[in-house]
Structures are given as structure tokens and as C-alpha cells.
Amino acid sequence: MANEAFLNPEEAIEAWDVRPGDKIADFGCGAGFFSVPLGKRVGPNGKVYALDIRPEALEATRAKVKLFHLFNIEPQRADLEAPRGSGIKDESIDKILISNIFFQVENKNAVVEEAYRILKEGGSIMAVEWKEDSVGGPALGERVGKDEVKKIMQNAGLSFFKEFNAGSNHYGMIFSKVK
């Protein structure tokens, strides 16, 4: 799980140009670490699909949704490695967050292909992962470096847009879906 001392979701979101009314999918939402600030940012006309395979993560996110009265956040169970596993319509999402899940999934390409499928033309994906030399987090051998993430994204047809500082233990990159 991400720890706020190591990763500030508001700063990462600031680098991403999230706007009121955006429809966002949070791949591997965990306990809503990014979903809640995203829900606040997109406002009542926006929507955040908080997706996770683990029921306990979704329960934690649901509790935060109620606590903060953010009813534009929709937690739902999803197997993001399965074809059409998000349950979201083709090209219906403005932005997708993939944070701290690459080290946990077996088929990283399948996750990115699912993201590409639901992302609108002109939409963007923000990837946030553990730095290879950071303290805490997954075992060093399980981490996914910047070059590997960039290669997976570009192989799926996404264009690298920019890199940003995502805190002392994480890196962040933004990719876009352009023709």
C-alpha cells in the first residue's frame, strides 16, 4: 500500500491536469488513496471508477466514499488482466490511473491493453510506481522500472507525454492516446 509520507496523491494529480467532469478509472484503487482526491477534483459531474480485484480494498474505498460523501466514486470488482475485465465501455474514459500495481500483476501487457481499450482518443494514463532504489514497498526484484513501463505503454499504442516527481519513493509518467 502507498503511504502518504512517500507519495502525495494531490501533487501527482496536479501534474496530470485532472478537470471537473472528467471520467477516470483508478486501476487497482486499493483503499482509495487516489480515488478520494480524484473524486474531489472531478466534482459532481465527473466520475471515478475505483477498480480492484480484492474485496477488502473495495470495502475500504466504499467506507471513504461514505465518509467524504463522494458519491461520484464507484468502487467495483475488476480483474484487469482479463479481456474486458474492467467492465467499462470502449473509449469511454478520459483518464486512467495505474498506481503501484505493475509489481503485483503477472500480465502487465493485458492491464495496459484493457486501459487502452476504455481510454478515449486524446485521453491519458498516469502510471505511478515504486522507484527501483526506494525505501519500503515491494522487494527490489519485483519492482517495475521506468524503461519497462514506457515500453509496455508504447507497445500498446500509447505515446509518452512526460515524467514527473511523484514523491521520494515513486516515479510518475503520463502517456496519451493519440492517432
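Coordinate-derived values only; no laboratory data. Fair warning: this is a prediction, and the values are worked out from it, not measured in the lab. Using ideal geometry, Cβ is built from the backbone for each residue, glycine included, and neighbour counts are taken over all protein chains shown.
Quick look at the numbers
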| read-out | value |
| --- | --- |
| Among the candidates 77, 84, residue that is exposed (fewer than 15 other Cβ atoms within 10 Å of the Cβ), within 15 Å of the chain's Cα centre (by Cα) and of a type outside the set (Phe, Trp, Tyr) | 77 |
| Test for residue 122: is it farther than 19 Å from residue 28 by Cα and in contact (Cβ under 8 Å) with a residue 24 or more places away in the chain | yes |
| Residue 87 vs. criteria free of Cβ contacts under 8 Å to residues at least 12 places away in the same chain and assigned to a loop (DSSP other than H, G, I, E, B) | yes |
| All positions within segment 126-179 that are among the small types (Gly, Ala, Ser), in contact with a Ser or Thr (Cβ under 8 Å, 6 or more places away or on another chain) and surrounded by 20 or more Cβ atoms within 10 Å (Cβ to Cβ) | 127 |
| Residues of segment 34-54 satisfying the condition of being surrounded by fewer than 21 Cβ atoms within 10 Å (Cβ to Cβ) and within 16 Å of residue 101 (Cβ to Cβ) | 53, 54 |
| Selection from segment 9-65 of residues that are within 23 Å of residue 79 (Cβ to Cβ) and part of a loop (DSSP other than H, G, I, E, B) | 28, 29, 30, 31, 32, 33, 34, 53, 54 |
